[in-house]
Structures are given as structure tokens and as C-alpha cells.
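Visitor: Have a look at the structure that comes next, please.
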2 protein chains.
Amino acid sequence: MILESLKTSKSAISQDNLQAQLGDLVDRATIYRVLNSFYEDGVVHKIVGDDGKQYFAYCRNCSEKSHHHNHFHFRCLNCGKIECLPNEMEVNLPEKYRTINFNGFISGYCSLC
Amino acid sequence: MILESLKTSKSAISQDNLQAQLGDLVDRATIYRVLNSFYEDGVVHKIVGDDGKQYFAYCRNCSEKSHHHNHFHFRCLNCGKIECLPNEMEVNLPEKYRTINFNGFISGYCSLC
DNA sequence: TTCAATAATGCAACAAAGCCGCATTATTGA
DNA sequence: TCAATAATGCGGCTTTGTTGCATTATTGAA
Ligand SMILES: [Mn+2]
Ligand SMILES: [Mn+2]
Ligand SMILES: [Zn+2]
Ligand SMILES: [Zn+2]
């Protein structure tokens, strides 16, 4: 059920989001565990929002081995939607620096709000 | 004292960071309040790390009215330093979207680690 | 099919980060 | 000088996320 929600959702979703969908069918801890194992298995990517919360989005344009997650995410301060922005980014790190995790996040107002 | 720490620190710092410097001279809640009022007054900028924590960095290349905070921050997973990366970024938002807050964060390993 | 080994879940507790109300203390300025 | 205002400490509270442990479910070899 969680995988289905992730697949069909257009936006990145968080635990409380899923909890609202599932009610008390599934425990809080289980949702977190499932999301984390999806993340470890490369099924979803994880973003930490500027609200300090973790969001998860189904990997769509990723092959098994090569993931492309260097895009920004947008959160509308009014309607709350979290979107993946299309453009993949490149960031110039200083010499010899190595990226492990990219976390690009912008909050603001979407076209409807 | 908090302002002094922010001014002299080369990296963005968090509450627990300051607490370690100040000991129990200043209460936890007060540190948060001071940091937030600096932020509201445009004295510092605030970044939410991919560890979910808030970091604050003294505004260095900002004028009173125009701030330039569209840069990434880097956290070394080994030594823990948080740096402002020099390059200012531009992100293409979809039509009619408006940016309120930019939060670029990369974690990885620095040149020394 | 059966049943022991393994995995997933629920429940409760816990920790970290951050915020807020309220009483107290400090600062300001008329 | 002292009343008004602001800053602080303390305690409690919420939210987010994790973990230990007992229970339940699933798996797969005999
Ligand atoms: Mn991916
Ligand atoms: Mn600034
Ligand atoms: Zn919106
Ligand atoms: Zn380092």
C-alpha cells in the first residue's frame, strides 16, 4: 500500500501524509521502517524539507544503478504540495570534495497560490 | 556573545554548537530566541541541514536590503564542518512560481577527510 | 503438509530539536 | 528614580524520528 501511494503520488510524501491515507491500519513505526528500507533499496529518494521533515519520492527516471536526484524540490507555503522540479543541477564543489547527498529545496508560492 | 560567535565562525552553526561554547551561561530557549530574532532582523541566514537541524550563518556579502543566500551549504560527514559554498545559484522555477526561501544543502566528504 | 527459522509488525518508550507560557530579572528612559 | 518594557530562565510541551522487544506472519526445506 505504501509503495502504491508513492508510485501514484505526483509529489513527494511524508510519514504523516501516508498515515492520513492509511489511518490506523499501519503503525507509525512501520511506515518509517518501510520508507527507510525503500530508500536503502534505491526505490525512492529522500529529501529533507526546510520544515525539517523527511519526504520520499518514487524514483521515476532512474535506472537500477544510476540515480538522478540532483534536482530541487519545491514546497508551496500555501497549499503544501511538494514537487520535484524538472531541471537536474550541477554544483561546483571545491577541489577534492565529494558529494554523497544532494538536497535542494525551495519553498515559496506555486502558480495557483 | 552569540553574535560574536556567529561573526567569527567560518561555518554555519547550530544551537547545540553555541550551547557547547557557552555552557550553562545561557539557556537553550534563549539561544533559539536570539538566533531567530537575528534571522528575522536579517543579520544571519538560516539553513536547514539534511540532518534536519537548523544552522545559522552571519550575513557577510549582503547589504541591508538585498541578501544573497542562493548558495549551497556543505556538511562534511566526517569532520562535521558546515561551509557556505561560494557560487550563487539560479534555479529556474516553473511559470508564476515565487521563491521565498532557498535551501541548498550537500553532504559528503571535504578535501581533508 | 508441517513446522522451525526468519521477517515484519505493533506497541511502548525514548531522544533530539524546537517552541512557548509564565514568572522573574534586567534594561530603558521619561 | 521608578514604572514600563524587554530579555531571560525554567519547565513543559509538540513533532519527528528511532529502537527494543514481544507478538504475529511468512517462508521454505524436510
Ligand atoms: Mn532514484
Ligand atoms: Mn544575508
Ligand atoms: Zn500552492
Ligand atoms: Zn571535513
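Visitor: Work out the mean other chain Cβ neighbour count within 10 Å for the residues of B:85-91 and drop it here as an integer.
Guide: Per-residue shielding by partner chains comes out at 3.
Visitor: While we're on this one: Put a point 7 Å out from Cα along the line to Cβ at A:LYS81; what are the distances to that point in the other copies, in nm, shortest first?
Guide: For A:LYS81, the other copies' label points sit at 4.1 nm, shortest first.
Visitor: One decimal, nm, shortest first: give the distances between the label point of A:ASN36 and those of the same position in the other copies, each label point 7 Å from Cα along Cα→Cβ.
Guide: Spelled out, the distances from A:ASN36's label point are 2.9 nm.
Visitor: Could I ask something else about it? Could you list which residues have their amide H under 5 Å from that of A:PHE105, counting only those 5 or more apart in sequence or on another chain, with H placed in the peptide plane?
Guide: Amide H neighbours of A:PHE105: A:HIS73, B:ASN103, B:GLY104, B:PHE105.
Visitor: A further question follows. Once each part is reduced to its C-alpha centroid, what is the distance from the range A:6-44 to the range B:26-86 in angstrom?
Guide: With the range A:6-44 and the range B:26-86 each reduced to a Cα centre, they are spaced 30 Å.
Visitor: So what are the radius of gyration and Dmax for the Cα set of chain B, in Å?
Guide: When restricted to Cα atoms, chain B yields Rg and Dmax of 14.8, 50 Å.
Visitor: So for chain A, averaging the separation of alpha carbon pairs under 8 Å that are six or more residues apart and normalising by length, what relative contact order in percent results?
Guide: For chain A, the relative contact order is 24 percent.
Visitor: So the label point sits 7 Å from Cα along the Cα-to-Cβ vector; using that for B:LYS53, what distances do you get to the other copies, in nanometres, sorted shortest first?
Guide: Distances between equivalent label points, in nm: 2.3.
Visitor: Now a separate question. Which of the lysines could a cross-linker bridge to B:LYS96, judged by Cα under 29 Å and excluding same-chain residues fewer than eight apart?
Guide: Partners found: A:LYS7, A:LYS10, A:LYS46, A:LYS53, A:LYS81, B:LYS46, B:LYS65.
Visitor: While we're here: Tell me which residues come under 5 Å, amide H to amide H, from A:TYR55 once H is placed; ignore anything under 5 positions away on its chain.
Guide: HN-HN under 5 Å from A:TYR55: A:ILE47, A:VAL48, A:GLY49.
Visitor: How large is the charge dipole for chain B, taken about the Cα centre, if only the Cβ atoms of Lys, Arg (+1) and Asp, Glu (-1) carry charge, to the nearest 20 debye?
Guide: 60 debye
Visitor: When the Karplus curve 6.51 cos²θ - 1.76 cosθ + 1.60 is applied with θ = phi - 60°, which whole-Hz ³J(HN,Hα) does each residue of the range A:63-73 get, with x for Gly and Pro?
Guide: My calculation for the range A:63-73 gives 8, 3, 9, 10, 9, 10, 10, 8, 10, 7, 10 Hz in order.
Visitor: Where is the GNM fluctuation largest for chain A (alpha-carbon springs, 10 angstrom cutoff): A:ALA20, A:ALA57, A:ALA12?
Guide: Highest fluctuation among the options: A:ALA20.
Visitor: Loop-only check: which GluC sites (Glu not before Pro) in the range B:68-113 are DSSP coil with at most 15 other Cβ within 10 angstrom?
Guide: For GluC sites (Glu not before Pro) across the range B:68-113 that sit outside H, G, I, E and B with at most 15 neighbouring Cβ atoms in 10 Å, the list reads B:GLU90, B:GLU95.
Visitor: In a shell of Cβ-Cβ distance under 14 Å around A:GLY108, excluding A:GLY108 itself, what net charge do Lys and Arg (+1) and Asp and Glu (-1) give?
Guide: 0
Visitor: Based on DSSP H runs of at least 4 residues, each adding -39500 (n - 2.57), what is the mean residue ellipticity at 222 nm of the protein assembly as shown after dividing by all its residues, to the nearest 500 deg cm²/dmol?
Guide: Only helices count here, giving -7000 deg cm²/dmol.
Visitor: Right, next: What does the average come to when, for each residue of peptide A:67-76, you count the partner chain Cβ atoms lying within 10 Å of its Cβ?
Guide: 2
FYI, it's all coordinate maths here, none of it is from the lab. Keep in mind it's a predicted model, so treat the numbers as computed, not measured. Note that each Cβ is placed from the backbone with ideal geometry, even for glycine, and that neighbours are counted across all protein chains shown.
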